[in-house]
1. Of all residues in segment 107-121, which are within 15 Å of the ligand (Cβ to nearest atom) and out of contact with any strand residue (DSSP E or B) (no Cβ under 8 Å at 6 or more places or on another chain)?
2. Which condition from (1) open to solvent by 70 Å² or more (accessible area, probe 1.4 Å); (2) free of Cβ contacts under 8 Å to residues at least 24 places away in the same chain; (3) away from the ligand (no atom under 11 Å from the Cβ); (4) not aromatic (Phe, Trp, Tyr) is the one that residue 133 breaks?
3. Quick check: anything in segment 44-55 on the phi > 0 side of the Ramachandran plot, assigned to a loop (DSSP other than H, G, I, E, B) and modelled with pLDDT of 95 or more?
4. Quick check on segment 83-106: of everything there that is over 20 Å from residue 16 (Cα atoms) and of a type in the set (A, V, I, L, M), which residue is surrounded by the fewest Cβ atoms within 10 Å (Cβ to Cβ)?
5. Please go through (1) over 19 Å from residue 110 (Cβ atoms); (2) acidic (Asp, Glu); (3) within 13 Å of the ligand (Cβ to nearest atom) for residue 94 and return the number of the only condition it doesn't satisfy.
6. Given the criteria modelled with pLDDT of 95 or more, in contact with a helix residue (DSSP H, G or I) (Cβ under 8 Å, 6 or more places away or on another chain) and either within 13 Å of the ligand (Cβ to nearest atom) or open to solvent by less than 80 Å² (accessible area, probe 1.4 Å) (or both), does residue 71 qualify?
7. Collect the residues in segment 107-121 that are open to solvent by less than 90 Å² (accessible area, probe 1.4 Å) and farther than 18 Å from residue 17 by Cβ, keeping them in residue-number order.
8. Condition first: assigned to a helix (DSSP H, G or I) and free of Cβ contacts under 8 Å to residues at least 40 places away in the same chain. Now tell me which residues in segment 1-21 satisfy that.
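The values are calculated or read from the model by the stated rules, or taken from the named source; none is laboratory data. Bear in mind that the values here come from a model prediction, so they are computed numbers and not experimental data. Methodologically, a virtual Cβ is constructed for each residue, glycine included, from the backbone with ideal geometry; neighbour enumeration extends over all protein chains shown. In case anyone asks, the SASA skips ligands and DNA or RNA and just uses the protein heavy atoms, side chains included. Shrake-Rupley method; radii C 1.70, N 1.55, O 1.52, S 1.80 Å.
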Amino acid sequence: MKRIITYGTFDMLHYGHINLLKRAKEMGDYLIVVLSTDEFNWNSKQKKTYFSYEKRKQLLEAIRYVDLVIPEEAWDQKVTDVNLYQVDTFVMGDDWKGQFDFIQEDTDAEVVYLERTPEISTTQIKKDLNKKSLATEHVSKVE
Ligand code: C2G
């Protein structure tokens, strides 16, 4: 059984995430998603997610491509994870290109960077929603 692993925050789940998970699963038989905890996001990425870890985990577990969701609590747990779960392929979007090549040296897993889906991101969604609400607010003021 070919095991694949990938890491992420997956906040405000969108089709860019789904495209990544679909392609990752197509590379093997079993996909492990290592999901960043709220503490890890805040302490190591200064990110406050919209959805809590439990909600983000619930969403990921509902996706047909995902077989297991485990917590990401530290940047340096990747080698341990890859060895513990006997992973064959470590997959990330290519915004991370080159950042995880060490996995190939330190484990038996190959590292693959998949092209990001353009024009969609959690940050973009938040920006667009803010713009829309400001525009609506302005219109209601001038009516
Ligand atoms: N992604 C993508 N296309 C997008 C947005 C995201 O392919 N339009 C991919 C990212 O490249 C990543 C995965 O979806 O591989 C999850 O994206 P994020 O939730 O933004 O993950 P990130 O914050 O990059 O956290 O230790 C690694 C980190 O946990 C990765």
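1. Of everything in segment 107-121, those that are within 15 Å of the ligand (Cβ to nearest atom) and out of contact with any strand residue (DSSP E or B) (no Cβ under 8 Å at 6 or more places or on another chain) turn out to be 117, 118, 119, 120, 121.
2. (1)
3. No, segment 44-55 has no match at all.
4. Ranking the qualifying residues of segment 83-106, first place goes to 84.
5. (1)
6. yes
7. 107, 109, 110, 111
8. Once the filter is applied, which keeps residues that are assigned to a helix (DSSP H, G or I) and free of Cβ contacts under 8 Å to residues at least 40 places away in the same chain, segment 1-21 yields only 17.
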